[in-house]
There are 2 protein chains.
Amino acid sequence: MALGVSLKRVDAEAKVTGRARYTDDLSMPGMRYAKYVRSPIAHGLVTRINTQAALQLPGVEAIFTYLDVPQQCFPTAGHAWSLDASKHDVADKQLLTGHVRHHGDGVAIVVACDPLTAEKAAQLVEVEYQELPVMINATSALAADAPRLHGGTSNVLKQHALKGGDPDTALAAAEVLVAGHYQTQVVQHCHLEGVISYAYMDQLQRIVVVSSTQIPHIVRRVVGQALNLPWSAIRVIKPYLGGGFGNKQDVLEEPMCAFLTWKLGGVPVKIELSREECFLASRTRHAFAVSGKLGVSNDGILQAYSLDVLSNTGAYASHGHSIAAAGANKIAYLYPRIALGYQATTYYSNLPNAGAMRGYGAPQVTFALECMMDEAAAQLGMDPLELRMKNVARQGDTNPLNHKKIHSAGILECLQKGRELFEWDARRAACLNQSGPIRRGVGVACLSYASNTYPVGVEIASARLLMNQDGTINLQIGATEIGQGSDTVFAQMAAETIGVPSSAIYVISTQDTDITAYDPGAFASRQSYVTAPAIRQAATELRTKIIQHAAYMCGQPSWALDVINGEVVFKTRPEQALFSVQQVSMSAHYDQEIGGQLMAEVSCKTRSNPPAFGCTFVDLTVDIPLCKVTINKIINLHDSGQILNPQLAEGQVHGGMGMGIGWTLFEEMIVDEKSGIVRNPNLLDYKFPTILDLPDLDCAFVETYEPQSAYGHKALGEPPLISPAPAIRNAIWLATGVKIDELPLTPKTLYRHFAQAGLIE
Amino acid sequence: MALGVSLKRVDAEAKVTGRARYTDDLSMPGMRYAKYVRSPIAHGLVTRINTQAALQLPGVEAIFTYLDVPQQCFPTAGHAWSLDASKHDVADKQLLTGHVRHHGDGVAIVVACDPLTAEKAAQLVEVEYQELPVMINATSALAADAPRLHGGTSNVLKQHALKGGDPDTALAAAEVLVAGHYQTQVVQHCHLEGVISYAYMDQLQRIVVVSSTQIPHIVRRVVGQALNLPWSAIRVIKPYLGGGFGNKQDVLEEPMCAFLTWKLGGVPVKIELSREECFLASRTRHAFAVSGKLGVSNDGILQAYSLDVLSNTGAYASHGHSIAAAGANKIAYLYPRIALGYQATTYYSNLPNAGAMRGYGAPQVTFALECMMDEAAAQLGMDPLELRMKNVARQGDTNPLNHKKIHSAGILECLQKGRELFEWDARRAACLNQSGPIRRGVGVACLSYASNTYPVGVEIASARLLMNQDGTINLQIGATEIGQGSDTVFAQMAAETIGVPSSAIYVISTQDTDITAYDPGAFASRQSYVTAPAIRQAATELRTKIIQHAAYMCGQPSWALDVINGEVVFKTRPEQALFSVQQVSMSAHYDQEIGGQLMAEVSCKTRSNPPAFGCTFVDLTVDIPLCKVTINKIINLHDSGQILNPQLAEGQVHGGMGMGIGWTLFEEMIVDEKSGIVRNPNLLDYKFPTILDLPDLDCAFVETYEPQSAYGHKALGEPPLISPAPAIRNAIWLATGVKIDELPLTPKTLYRHFAQAGLIE
């Protein structure tokens, strides 16, 4: 069995020895470097720009201002294209702008022989601005007289409403009704490898972009759109990647790199954003304001809930309203036997541009829902775990919004298993009726998450298998390894289906749009789910070809043969090898009459999208005078169907929990309300948790078998991040009696709430 | 129609603008450079080697001597592997040697930070030799007491004999019998781009070799053999190539580059041979000594011929006996209604290593045969053209050696067409009975040539088609573009079969053994013939998929639809487009329910090998006192089946004729018989003809249709070089009455013969 075992990452040695080549490790003779001239204000119009002094700096090769770039707008969101024009991403971005909409917006760019010269020259570009009113929240951005950031009649980017059943009636009739207002903050992805790409022109004057991106094929399309070139005139190559978390599910500097090489006759031009630029001018997580209501019967049966979301997308649309829209779709599986109302509005502001980030709207919405669940439990006088156990999805339930049947649901078992592992009852009992400055609390929260984007997006994936002479097999996939371990799991899938050891599979980790079949990329926790059918189909084809050629070699019928652990055997005598697959491959290559290299390639679409589930149990101590939270124990439990590689799955859960704790207790991009200036765009002032700030992270799995899945598995990449925040908030409430309905739960926030509650002075 | 038209080379602009990136245009950070320490003598044993002084030169990183390299021998010939061990290429080469066998043999190699330092250090390595007797020809190499170059009982590498019918009886019975002895010289390929490659190790410690090679997949295998590594641990990438002509159908510096990077922890190491090194230490054309007999009836019906070949392979086997063996196979189609005897012996000597070169044995053998044909015509008192017309192959004839039927034969029509275009009868009449110092002559000679290596070699090829969203199609082929224009013709084939304009096909010109399906490479004039079935099959599959998806889009049955010129149409209304293929591709990519990227990939084998035919007519003037030959008119006529791209086909013919004239009238590597020292290993002293030295080159085609061929075509790459030499020799004979049975026909040779004949003093 190749699946279900903890195969060591296929790139482990390459990465720990430093041999893996990332975008910045690649170089070309004659490489040039570009640096932006960025707006120091959050909103205004450029009134004068003077590049003369900068151009005179030795080593400067060119400067382009907003007047020199194509005056057309393009979208940047990493979504697969849609045949339905109404579903196209909003195209509101230009390469540079004279109307700066956020702190750090780009007005010009300098190309020079080295990065320092480019940086220095960028500082020499003189820019004057006419300042405009700054709007960083809904109050100012949605005011009737607010200046329009992108024309139109308001700063509303988009809004929509969804209903499953009749939530209004159900809420009105509910025996217990709770309501709340929940606010989440802006955070940044803080991937290890920054935003970096370079571009050059090839022999046929096609533009080649090498980029640290999650979405090479989408980058190809958007560069084509931005420069008005045929998509196939662009080639995008993705080397090893040091993390993306959704930030690189946006098209970032690739169109600019492409533009620069295009204008400069094909010389290679590299753009690497500094960490400060990553904060200001890549993407962030949307701040949500969620107003919710939740109705429950006296015996704890959930009747309905409604959520009203205001999502702040910042200066440009990027993924725009998709994030707010996705929130509802992802959580609707969790408590399915209800009526559900969901409304969302996404608006522009002068914040840095928000985009995709791990969880994609679900963390914010789940925070509101799972806070309300504890609220309801309190009103019912019920253990919040009990309330959840009564209401979470069961196999056979139907999603209230899309009416899809749930074929696998292990969330109840997750809660049961967590109850035991965490010793919930004992721990909770110990937390009741505390006093004093140091108090303990426990909390629990649940999540559901879809396994891809279908039917909102087209779900297409690819796999190609080429068998080498020595019996090893090269696996080329459209899906992108971005650190999550997908290459390793893909190798396991192929090995499992072909019948060879995982070590026989060599994964081509680089995607190259010229030769890698189409796949939109790494996002939506989709890759293991939607690539699996392509791999399974291709691997089945390859296995059939191995057997067919072996049948020719030994003069036996194909149906009598099997491939097991790299050997062709009689099905009835599996212990006796007829040939190794290497022998079969040698014959297929070199037999003079029959054969051909053994290979298979598949591009296919997925039309199922089952939900993964999970939950967090947390035990924490609140030091009330210090406003400090210390996590004593935290455990995530997940139903992601079959676990393909336990160690990698644990890694995903640990990473997500850490990121979730960071979002909950540490991180916040602080933006001055008046000026729109970002106050902490660096890893010193932005309090990203280090390994020393994190508790031990426990996790466990409940393995269901999802019948719609090629290998029984479901999403796992994003879910672990979602449930820690409400669990922690619920635990703090239990510990202190103070309900805090906003994030982050930093000492600053706690201080305000504890003071308000009279716990401290 | 995409085929049969002169589509501009797909790489034309890239190459004429200098944008095409060749191996030397690629660089990597930290690249190191290696230079050999080469033997100044042709035969001897190293008795002492001292690298101390060299190692002390700043910038020198490592020196490896013959004692430091794997002590195992590997083969270098660019032949596909065989499952039959008896057919394996002779493995007699080590990376370096202490037994130097030719002038320039490598005894050590220096790696340094730049090429000049490496060169300087190589000169500082002190080597002492014990000299051994030098053998550069059969007399010395095959003497009973000759030292054995590679052990064994003699310096004979291999010998074999073939018979078709009973040539001895037929010759004995022939009414007219002619006999002769023919000698050809050593020449070098003189490709524009030298021998160059570099290697590095990738993230997984696999060795990546980037090389100017005709045979990337074979290089992969041989590097694996040379270093005793699994073949899939090697990756070979072939960029644009500036000519190979068979020299790069050998594995040259790739194993050494791989060895060096392997030993030096993965740093990139480049080896570029100087032109002098190319002459001494890459490969050359075998010198043949051919003894022939030919019998003909009084009415000019050829009865039989026999050829006895002695082939001098120099210091190592390389392609070894294959060259001598191939000669017979390639010409046996020309005059098929005969008995044929062929014996060949290949022997080692202290000449530089001979290997594959355009024509692969056929030029030498054809020179002998076509000289004898004129001899027979003279004895019969018959026009030599008439004699050939009586005897050349007709459709339906059978090859006397392999008994394969000839399904297409246009050689008679070539001779007829040439007779008219060249005005043979009038020109020949003007040449009879001349006197004086300046005389004219005309000559004619024929050739046949196979279209690949089957059944001697396995003939396997691959094609992959990936349709981009914009309806363009990426074509990936295992066959290698080496300057001959194959990429262009492949684009035309794909366009023709799919039903799109040729401009819609983008050919991936780079082969990369990790992702390019197996194909042994460019040699044997095979590529257009053996790749065509793979392209045709893949293109047919892709076309079917386009139609199937279009049928889904419009709700019509597939059988009603056709693809014409990039548009899907009703077969019955081809003038009305239903969709463009772009629309179909967009839908296939982005329809949410149905589809997948449209693609097809095929690896397949070819089991037919039809002969191409051709002939040369030449009119020349001999200045007897100056021993100088001036060509007045020369025309090649070819039956290569259907002509796929007339302009490229002409280019191939022009190139081959020029190379043939160079072989005949200009070129010779001069090796000192006593010392084995090469006297002219450079382009100043080696008289390679320039464009100014060549006459106008005319050509014409007789288009037959080869039914076994995917597009009706046959070989064309090598044939044009074959027939000029005997035609020129025959014309000089007619002009002067002097038969010269050796090459080259330089003034030096002519002087000797003219003096012997008493024409000059």
Self-check item: Table column - 3J(HN,Hα) (Hz), the stretch A:47-59, Karplus curve with 6.51, -1.76, 1.60, x for Gly and Pro
Solution: 9, 7, 9, 10, 9, 4, 4, 5, 5, 7, 5, x, x
Exercise. Take peptide B:15-25, look around each residue's Cβ out to 10 angstrom, count Cβ atoms belonging to other protein chains, and average those counts.
Key: 2
Quiz item: Do any of B:Lys158/B:Lys405; A:Lys238/B:Lys35; A:Lys270/B:Lys263 go past 31 Å between their Cα atoms, and which?
Solution: A:Lys238/B:Lys35; A:Lys270/B:Lys263
Exercise. Round to a whole angstrom and tell me the spacing of the C-alpha centers of the stretch A:124-162 and the stretch A:295-361.
Key: 22
Quiz item: So, in nm, how far is label A:Arg275 from label B:Lys628 when the simple model puts each one 7 Å beyond its Cα toward the Cβ?
Solution: 7.8
Quiz prompt | FRET E, pair B:Gln52, B:Lys263, Förster distance 25 Å, beta-carbon r, rounded to 0.05 | solution = 0.80
Quiz item: For labels at B:Ala429 and B:Ser291 in the simple 7 Å Cα→Cβ model, what's the distance in nm?
Solution: 4.3
Self-check item: Candidate aspartates and glutamates for bridging to A:Lys687, where Cα separation is under 13 Å - those fewer than 8 sequence places away on the same chain excluded
Solution: A:Glu667, A:Glu668
Quiz item: Alpha carbon centre of the stretch B:461-529 versus the stretch A:536-567: separation in Å?
Solution: 29
Self-check item: Nearby aspartates and glutamates by direct alpha-carbon distance to B:Lys417 (threshold 15 angstrom, same-chain neighbours under 8 apart not counted)
Solution: B:Glu386, B:Asp425, B:Asp639, B:Asp698, B:Glu703
Quiz item: Which value, in Å² rounded to 10, gives the accessible area of A:Glu575 with a 1.4 Å probe and all protein chains present?
Solution: 130
Self-check item: Nearest-first distances (nm) between copies at A:Lys8, label 7 Å from Cα via Cβ
Solution: 5.4
Practice problem: Quick one: check the C-alpha center-to-center distance for the stretch B:238-280 versus the stretch B:75-90, whole angstrom. | Solution: 21
Quiz item: Add -39500 (n - 2.57) for each DSSP H run of 4 or more in the protein assembly as shown, then divide by its residues: what number comes out at 222 nm, to the nearest 500 deg cm²/dmol?
Solution: -8000 deg cm²/dmol
Quiz item: Dipole magnitude of the stretch A:455-605 about its Cα centre, charges +1 at Lys/Arg Cβ and -1 at Asp/Glu Cβ only, in debye to the nearest 20?
Solution: 360
Quiz item: Which parts of the stretch B:88-108 would a label at B:Glu131 reach, counting a residue when its backbone N lies under 15 Å from a point 7 Å out along Cα-to-Cβ?
Solution: B:100-104
Quiz item: Counting partner chain Cβ atoms within 10 Å of every residue's Cβ in A:510-522, what's the average?
Solution: 4
Quiz prompt | Other-copy label distances relative to B:Lys687, 7 angstrom Cα-Cβ extension, nm | solution = 8.9
Quiz item: What are the label-to-label distances in nm, one decimal and shortest first, from B:Arg148 to the same spot in the other copies, with labels 7 Å along Cα to Cβ?
Solution: 9.4
Quiz prompt | Computed lengthening from B:Lys163 to B:Leu692, 0.36 nm per intervening residue step minus Cα-Cα distance | solution = 186.0 nm
Quiz prompt | Efficiency of FRET between A:Ala85 and A:Leu684 - r from beta-carbon atoms, R0 51 angstrom, step 0.05 | solution = 0.65
Practice problem: Just reorder B:Glu370, A:Glu420 by solvent-accessible area, largest first, 1.4 Å probe, all chains present. | Solution: A:Glu420, B:Glu370
Quiz item: Taking a probe of 1.4 angstrom, what is the accessible area of B:Lys87 in Å², to the nearest 10?
Solution: 100
Quiz item: Hey, got the dipole for chain A? About the Cα centre, +1 on K and R Cβ, -1 on D and E Cβ, debye to the nearest 20?
Solution: 560
Self-check item: the stretch B:455-605 - share of DSSP beta bridges that are antiparallel (%, nearest 5)
Solution: 85
Quiz prompt | Local net charge near A:Val507, Cβ-Cβ under 9 Å (Lys/Arg +1, Asp/Glu -1) | solution = -3
Quiz item: Given a cut-off of under 8 Å on Cα pairs at least six residues apart, what relative contact order in percent is computed for chain A?
Solution: 16
Quiz item: Could you give the nm distance between label points at A:Asp68 and A:Thr398, where each point is 7 Å from its Cα heading toward the beta carbon?
Solution: 6.1
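Count charges around A:His160 for me, please; just the other residues with Cβ under 13 Å from its Cβ, Lys/Arg as +1, Asp/Glu as -1.
+2
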Quiz item: If contacts are Cα pairs under 8 angstrom and at least 6 residues apart, what is the relative contact order of the stretch B:455-605 in percent?
Solution: 33
Exercise. Arrange the residues B:Arg220, A:Arg439 by how much accessible surface each exposes, largest first, with a 1.4 angstrom probe.
Key: A:Arg439, B:Arg220
Self-check item: Per-pair calculated FRET efficiency, R0 = 25 Å: A:Lys405 and B:Cys554 via Cβ, rounded to 0.05
Solution: 0.15
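The values are calculated or read from the model by the stated rules, or taken from the named source; none is laboratory data. All values derive from a computational prediction rather than experimental measurement. We place every Cβ from the backbone using ideal geometry, glycine too, and count neighbours over all the protein chains shown. Accessible surface areas use protein heavy atoms only, side chains included; no ligands, DNA or RNA. Shrake-Rupley method; radii C 1.70, N 1.55, O 1.52, S 1.80 Å.
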